Amino acid sequence: MYRSDSPGLSRLLTPILQRHGRDATRLLQILREVQDACHSVPAGAIDLVAAHLDVPRVNVEGVAGFYSFLSAHPAGEYRLLFSGNITDQMLGKDELMQYLCNKLWVEPGRLSEDGLVSVDSTSCTGMCDQGPAALVNGWPLTNLDHNRLDLIAELIRSRKPVADWPPMLFEVADNVHRGDVLLGQPFEPGAAIRATLARGAKETLAEMDKSNLRGRGGAGFKTASKWAFCHAAIAEEEGGVICDVGGQPERFIVCNADEGEPGTFKDRVLLNSHADLVFEGMTVGARVVGASKGFLYLRGEYRYLLQQLEAVLKRRREAGLLGGNILGQTDFSFDIEIHLGAGAYICGEESALIESLEGKRGRPRNRPPFPVTRGYKGRPTVVDNVETFACAARIAENGGAWFASIGTAQSTGTKLLSVSGDVARPGIYEYPFGVTVRQILDDCGAQGRSYAVQVSGPSGTTISWKEFERKIAFEDLPTAGALMVFRHRRDLFQAARNFADFFAHESCGFCTPCRVGTQLQKKILEKIQSGHGTASDLEELKRLGHILKTMSHCGLGSSAANPVLDILEKFPDMYESKLKAFAFEPAFDLDGALETARKITGRDDEWAHL
Ligand SMILES: Cc1cc2nc3c(=O)[nH]c(=O)nc-3n(C[C@H](O)[C@H](O)[C@H](O)COP(=O)(O)O)c2cc1C
Ligand code: SF4
């Protein structure tokens, strides 16, 4: 264990601390690099970072303890984290993980005795179209099978640096099977900015309004209204209603690339192959609301994209599409910084994301005030999804009426869908809104008789085969983009358990209904799985679901019971076939616990039993 006065630790951390300066908003970025350098965040590093940033030690410790990719205890020179989504499980993740553990003589979740390697599970890594997937020291491994694991075990045993591993292990394919206006048409970098400058900021906002674009991150809020609110907040601010911080009126554009909802991976593809479109949409947004600074909040699982995204930003600066005086416009400066997450699903929630950007734990804020009036550093901030910004660039280029002519009246444009599970061609499908689930299943080669589809990830909706004529649209089946397909005979109770584990693990712990409710939900499903469930447990699940939905502080808690209750309602036999016949069995065997007392006292009469 490193101590803060250890010269080795100080030498290791000095370049990191110098690179980030004394800005406390860099705290999470610093800790990520400490984790890389030391394979943990040791107590000594917390002292050094706290002293360097001049923040209380407890704050640094709080942040280090919050994010799952940061660990107080050594995680090994090689840290393997298997993606634990249900689709990875369906592809054999549990057996493969055990296989690797056996090869490396390590127990799941423990560090090997020589300190070389640890193997554990993590939440979905966003590679469900090429699972089973894992991360090794943060880098994605895809299409894992026994052969690949044999090779990986060999590379680890021979202590080969991850940078020298064969590149084929790290290949991440886009798997686009159907493109439309976002993925299927070429884009000339600068086209949307030029159109915006020619039209004017106010007129561009009017085009956004006409397009009826709604946010692609899940909630479906109208983008033009959000941008208009941010603009109005600035107007208020200039009237002195909102106080300035540091005397400098600032506003921010934030692109939410946290993409943590299990089964969702479409933002990964946009960022990998269409980053210009996304950055251009952010720049259009900046012109409309008057922002000079933007952030891309990139989930830690996608750090492999960081270098190429930085290269795109550099190229755009050189082309005059970012930085000072964009395209020669002296009153238009805007630049984008990339901030990496560190394994926390809650940081996709916009106010938690802003906290994380500020270098803190990702704890959702009270709302109102909303980020559009008080966001990053208390300033008006627009937070939009990656796909929303890509759509905004297309609208700036082609006009609002063009966009509104695609899709349905209430859901204009196209939607990117991440399709995985029991299908022949998992990957990305872009459709105009209004497409039926049945059409998608036909196109992706759903295997056998499809039984159920989980739309929009665990926090979304489970639909049964009776509902396959329903349409992907805000007015019918809204989705942030995930479609996980389950064929006939899949045990959907396992899906419910997987999702309940996910929410219990990802709850940030701030409010009691969610912190306790998600754990109780998980425990009840474990009880049913072990053969001790009764009808009263199903009633308890419904009661808990109501509490979670109505009393949680944020969207994570309020949606945590969705899949558990949807599957119970639509596939009751999945639960009932596992229940005991009688109506109630306590989770704790009180009479069994009295056995020790009976033995000590030598009693076995009727009064010594319950
Ligand atoms: C628990 C939770 C996780 C979320 N994760 C994401 C995410 O990964 N990406 C995203 O764009 N929005 C996510 N959201 C929604 C955001 O809070 C926010 O509504 C969205 O980024 C706004 O962008 P949009 O208007 O373009 O959809 C999440 C919300 C909750 C409650
Ligand atoms: S609902 Fe859950 S994730 Fe949201 S604030 Fe409460 S504990 Fe945290």
With a Förster distance of 56 angstrom and the Cβ-Cβ distance between ALA593 and ARG157, calculated FRET efficiency to the nearest 0.05 equals 0.75
The relative contact order of region 7-66, taking Cα pairs under 8 Å that sit 6 or more residues apart, comes to a percentage of 34
Eigenvalues of the alpha-carbon gyration tensor of region 178-218, times 5 and square-rooted, give semi-axes in Å, largest first, of 21, 17, 8
The answer for VAL423, listing residues at least 5 apart or on another chain whose modeled amide H is closer than 5 Å to its amide H, is GLN447
For the pair GLU188 and ASP36, the simple spin-label estimate (label points 7 Å beyond Cα toward Cβ) gives in nm 3.8
Here P(r) for region 155-224, Cα-Cα distances in 10 Å bins, as whole percents, is 14, 23, 26, 15, 15, 7, 0
Taking region 414-490, the equivalent ellipsoid from its C-alpha gyration tensor has semi-axes in Å, biggest first, of 17, 13, 11
At q = 0.10, 0.17, 0.18, 0.21 Å⁻¹, the log10 of I(q)/I(0) for region 314-441 from a Debye sum over equal Cα scatterers comes to -0.52, -1.19, -1.20, -1.18
Cα-based Rg then Dmax for the chain, in Å, read 25.5, 94
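In whole percent, what relative contact order does the chain give with Cα contacts below 8 Å and a gap of six or more residues?
RCO, the chain: 13 percent.
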Bounding extents of region 460-560 in its principal axis frame from Cα atoms, largest first in Å, are 37, 33, 21
Taking R0 as 22 Å and r as the Cβ-Cβ distance between HIS73 and ASP491, the FRET efficiency 1/(1 + (r/R0)^6), rounded to the nearest 0.05, comes to 0.05
Note: ASP174 to THR550 extended length (0.36 nm per residue) minus current alpha-carbon separation gives 131.5 nm
At 4 °C and 1.567 mPa s, the Stokes-Einstein diffusion coefficient in µm²/s for region 502-593, with hydrodynamic radius from the Kirkwood sum on alpha carbon pairs, is 95
Computed over region 17-114, the relative contact order (Cα-Cα under 8 Å, seq sep at least six) in percent reads 23
Here the gain from full extension of ASP604 to LEU306, 0.36 nm per residue of separation minus their alpha-carbon distance, amounts to 100.4 nm
By Cβ neighbour count within 10 Å, fewest first, ASP501, ASP267, ASP331, ASP94 rank ASP331, ASP94, ASP501, ASP267
1/(1 + (r/R0)^6) with r = Cβ-Cβ of ASN147 and ASP573, R0 = 30 Å, i.e. FRET efficiency to nearest 0.05, evaluates to 0.20
Rg (one decimal) and Dmax (whole number) from the Cα set of region 103-180, in Å, equal 14.0, 52
Straight-line reach check, LYS466, cutoff 24 Å on alpha carbons, 8 or more apart in-chain or any other chain, hits among lysines -> LYS415, LYS542, LYS570, LYS578
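Each reported figure results from applying straightforward, stated rules to the coordinates on display, with no laboratory input. Since the structure is predicted, the reported quantities are computational estimates derived from the model, not experimental observations. Heads up, the Cβs are rebuilt from the backbone with ideal geometry, glycines too, and the neighbour counts pull from every protein chain shown.
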